[in-house]
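The values are calculated or read from the model by the stated rules, or taken from the named source; none is laboratory data. Computed from a predicted model, the values in this text were never measured in an experiment. Reconstructed Cβ throughout: ideal geometry from the backbone, glycine too, with neighbour counts over all protein chains shown. All accessible areas refer to the heavy atoms of the entire protein, side chains included, with ligands and DNA or RNA removed. Shrake-Rupley method; radii C 1.70, N 1.55, O 1.52, S 1.80 Å.
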Amino acid sequence: MSQLAARMRTPLVLWAAMLASTGIYLLVLKVAAPPPQPVDPTMALALNAAGVMIAVSSVVVPMLVWRAALGTLRPQIEEVPDEDADAGLFRDAVPKKRVVRGAMAFFEAAHTKGFAPFVLSLALSEAVCLVGFVLAFMGHPPIHWAPLYAVGVLLLAARFPTIARLTGSLERHFDAELVGVPGSARRPARGTEAGR
């Protein structure tokens, strides 16, 4: 197993465990008998509002934490000739591309910094499911809790961790290619129409 695959094992196991836990919540609802009538009908409105706010937070807050973490990284970026780009009309003007020097070490540092925002996004996504679970356990009908539950599961599923997702995020933020890192996107040289 490659070193990168080993680094991605922990986020993948964590993601799978969080997603599986949502199934366990449904199993608990099936086994345990919630009250036949809701304890307090006004709770449905309050908890749904809380669930929507948590769902929005599960996208916004981890993104802000990730951007702050990216601000602490200082990659060494250099411009190198881009062999894959079209030379255009002027043969003397060799197209250039920006690359991160020491891309693998930089990727590993970014992976470490990105773990906290990733866990935060998973926790907040699961919290949306938990709000739906609480509503169901209080005896509210599925129309009140199922949409929240479904949104929480979809948010968790969308957070599937991949090397390409992290690499793409880094390349977009720093506008430089991570040569040698799997998942690195081949981009047109800067300054060309396709590159903008």
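Observations
- Kirkwood Rh, angstrom, the chain [1 / mean 1/r, Cα pairs]: 19.5
- Of all complete DSSP H helices in the chain, those with a Cα span along the helix axis of 18 Å or greater and a mean Kyte-Doolittle hydropathy of -1.0 or more are 3-31, 42-71, 103-137, 142-158.
- When each of the peptides 135-143, 28-36 is scored by the mean number of other C-beta atoms lying within 10 Å of its residues, the order from highest to lowest reads 135-143, 28-36.
- Shown for the chain: the carbon plus sulfur share of the solvent-accessible area, taken with all protein chains present and a 1.4 angstrom probe, equals 68%.
- Distant-in-sequence amide H partners of GLU177 (H built 1.01 Å from N, under 5 Å): ARG98, VAL99, VAL100
- Protein heavy-atom accessible surface, 1.4 Å probe, per residue over the chain: 57 Å².
- Over the chain: helical MRE at 222 nm, DSSP H runs n ≥ 4 each giving -39500 (n - 2.57), nearest 500: -22000 deg cm²/dmol
- Rounded to whole Å, sorted largest first: equivalent-ellipsoid semi-axes of segment 41-155, Cα gyration tensor: 47, 16, 10
- Summing Cβ point charges (Lys, Arg +1; Asp, Glu -1) relative to the Cα centre of the chain gives a dipole of roughly 200 debye.
- Each part gets one Cα centre, and for segment 11-38 versus segment 116-153 those centres are 10 Å apart.
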